[in-house]
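**Student:** Following this message is one structure expressed as structure tokens.
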Amino acid sequence: MRILGIETSCDETGAAVFEDGHVVSNIVLSQTIHSQFGGVVPEVASRAHIKAIVPIVRSALDEAGGGLDSIDCVAVTTGPGLIGSLIVGVAFAKSLCFSLGMPLLGVDHIESHIAATYITYGEMREPFVCLVVSGGHTHLFLVETDLSQKLLGCTRDDAAGEAFDKVARMLGLEYPGGPEIAMTALEGDPEAIDFPRPVRLRAYEFSFSGLKTAVRYFIDRHQGEISPQLTADIAASFQAAATDVLIEKTVQAALDNGVKSVSAVGGVAANTALRDGLTEKAEASGLNVLLPPAELCTDNAAIVAAAGYLRFRNGETSGLSISPYSTRSYG
Ligand code: KG4
Ligand code: ZN
């Protein structure tokens, strides 16, 4: 069974072919144009998708071999995401399916991120707790089967990736800020500044606005003194505060729910401090750690194709009337 996956939810144009549990091709074009604006400009993103979609899909098919004739179903991200970006992928996938009489599956973006665990570790045998941590989401799920996820909690305000991006901007670093903070932090001391770890939240709730504001105040108080070393210390201390909370709550959720494994997916799960910290804390608590490689954590179409594969194999299709959505509540 071969699935063509298409991803255009934000600023990555992706196409991939997934066949019976394996990624056959996975092409991603990251739109670097946004770095000059310090963040994703929705209209610019839509225009870049429309320009890239045909060559990217063609490359994914060429690399996989077999052409469109070999595809059983097209899976496309329907949301959440930037609506103009989503429309490009959904309209393209619909046209393809309409003209070729092929089945279409609209796939949820968070479910796709979770499918990175399936790609990496195969068929799920037992439930696990999955932290989905990206530019738009900070959600903890109890993944009960490959097709059912129960929301345990999410952020009250900013997503973790959004906090990385905003703090990077305060420090004069480029967009996307996550990798920039991670790199700058390598030269810094994570204990140099005691940034707040949000307390007094409900068990699986997150909040990053207080931490972001604390960084803003610190920078304002030290105007004129922000040397490269202090920049690195701020980045490292912010990263430590943000990841500590993510790690703590993920491990606690696994222990509370009696599961044996934890996973982290989404762009921020590419962060080495988070990966190392989660591995250390989870293993010390007797838990197994499932961490897909970084390239399957950030947005790509292999995860869309894999999530589509699981649904298509289950006998599901969407029909051609699907519409993209910018937000969704998982509760
Ligand atoms: O999953 P993703 O590619 O797109 C969304 O669905 O949002 O996540 C993008 C987010 C951005 O906020 C980016 O700064 C962050 O993931 N990110 C990172 C790292 N790589 C990407 N954050 C921290 N450390 C990283 N190494
Ligand atoms: Zn994403």
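Each value in this text was obtained by applying a stated rule to the coordinates, not by laboratory testing. It should be emphasised that the depicted structure is a prediction, and the values quoted were computed from it without experimental measurement. Positions of Cβ are generated from backbone atoms using ideal geometry, with glycine treated the same way; all protein chains shown enter the neighbour counts.
**Student:** How far, in nm, would the chain grow between E63 and R216 when pulled straight, counting 0.36 nm per residue and subtracting the alpha carbon separation? Spell out each step's value before the answer.
**Tutor:** On the way: separation 153, 0.36 × 153 = 55.08 nm, distance 4.61 nm.
Between E63 and R216, full extension yields an extra 50.5 nm.
**Student:** Here is a further query. For S99 and S321 in one chain, what is 0.36 nm times their gap in residues minus the Cα-Cα distance, to one decimal in nm? Kindly include the intermediate steps, with their values, before the conclusion.
**Tutor:** Details: separation 222, 0.36 × 222 = 79.92 nm, distance 1.45 nm.
That pair, S99 and S321, stretches by 78.5 nm at full extension.
**Student:** Do you know the relative contact order of the chain, to the nearest whole percent, from alpha carbon pairs under 8 angstrom that are 6+ apart?
**Tutor:** Values: 744 pairs, mean separation 83.2, N = 331.
Relative contact order of the chain: 25 percent.
**Student:** Moving on to the next point. For R202 and K150, calculate 0.36 nm times their separation in residues minus their Cα-Cα distance, and state this gained length in nm to one decimal.
**Tutor:** Details: separation 52, 0.36 × 52 = 18.72 nm, distance 1.67 nm.
Gain in length upon complete extension: 17.0 nm.
**Student:** Quote the relative contact order of the range 196-279 in percent (integer), defining contacts as alpha-carbon pairs under 8 Å separated by 6+ residues. Don't skip to the end; give the middle numbers.
**Tutor:** Values: 47 pairs, mean separation 25.8, N = 84.
Once normalised by length, the contact order is 31 percent.
**Student:** Please sort by residue number the GluC sites (Glu not before Pro) in the range 107-147 whose DSSP state is loop and whose Cβ has at most 15 other Cβ atoms within 10 Å.
**Tutor:** Values: sites: E111, E123, E144; in loops: E123.
Here the sparse-neighbourhood loop sites are E123.
**Student:** Something else now. Determine the percent antiparallel among the DSSP beta bridges restricted to the chain, to the nearest 5. Let's see the in-between values first.
**Tutor:** Numbers: 26 of 43 bridges.
If we restrict to bridges inside the chain, about 60 percent are antiparallel.
**Student:** Suppose we look only past 31 Å in the calculated P(r) of the chain. What percent of the Cα-Cα pairs does that tail hold?
**Tutor:** Working: 17266 of 54615 pairs.
More than 31 Å apart: 32 percent of the Cα pairs in the chain.
**Student:** Mean residue ellipticity at 222 nm from the helices of the chain, using -39,500 (n - 2.57) per DSSP H segment of n ≥ 4 over the full residue count, to the nearest 500 deg cm²/dmol?
**Tutor:** Working: 10 runs with 145 residues, N = 331.
After summing the helix terms and dividing by the residues of the chain, the value is -14000 deg cm²/dmol.
**Student:** Would you please state which residues of the range 209-235 a label at E187 would reach in this model, taking the label point 7 Å out along Cα→Cβ and a backbone N cut-off of under 19 Å?
**Tutor:** 219, 223-235
**Student:** Right, another one. Within a Cβ distance under 10 Å of S30, other residues only, what is the Lys/Arg minus Asp/Glu net charge? Working shown, then result.
**Tutor:** On the way: positive: none; negative: D11, E12, D299.
Net charge in that neighbourhood comes out at -3.
**Student:** Counting Lys and Arg as +1 and Asp and Glu as -1, what is the net charge of the other residues whose Cβ lies under 15 Å from the Cβ of P127? Intermediate results must be reported in sequence, preceding the final value.
**Tutor:** On the way: positive: R125, K150, K260; negative: E123, E126, E144, D146, D256.
That sum, taken over residues with Cβ under 15 Å, equals -2.
**Student:** Could you please report the charge total around E283, scoring K, R as +1 and D, E as -1 over all other residues with beta-carbon less than 15 angstrom from its beta-carbon? Intermediate values should be presented prior to the final figure.
**Tutor:** Working: positive: K260, R275, K281; negative: E248, D276, E280.
Value of the local net charge: 0.
**Student:** Still on this structure, I have one more. Which shape class applies to the range 234-301: rounded if a/c is under 1.5, otherwise prolate when a/b exceeds b/c and oblate if not, where a ≥ b ≥ c are the square roots of the Cα gyration tensor eigenvalues?
**Tutor:** The shape class here is oblate.
**Student:** Taking the Cβ of each residue in T243, T250 as the centre, tally the other Cβ atoms inside 10 Å and list the residues starting with the fewest. It would help to have the intermediate numbers written out before the result.
**Tutor:** Numbers: T243 22, T250 25.
The fewest-first ordering by Cβ neighbours comes to T243, T250.
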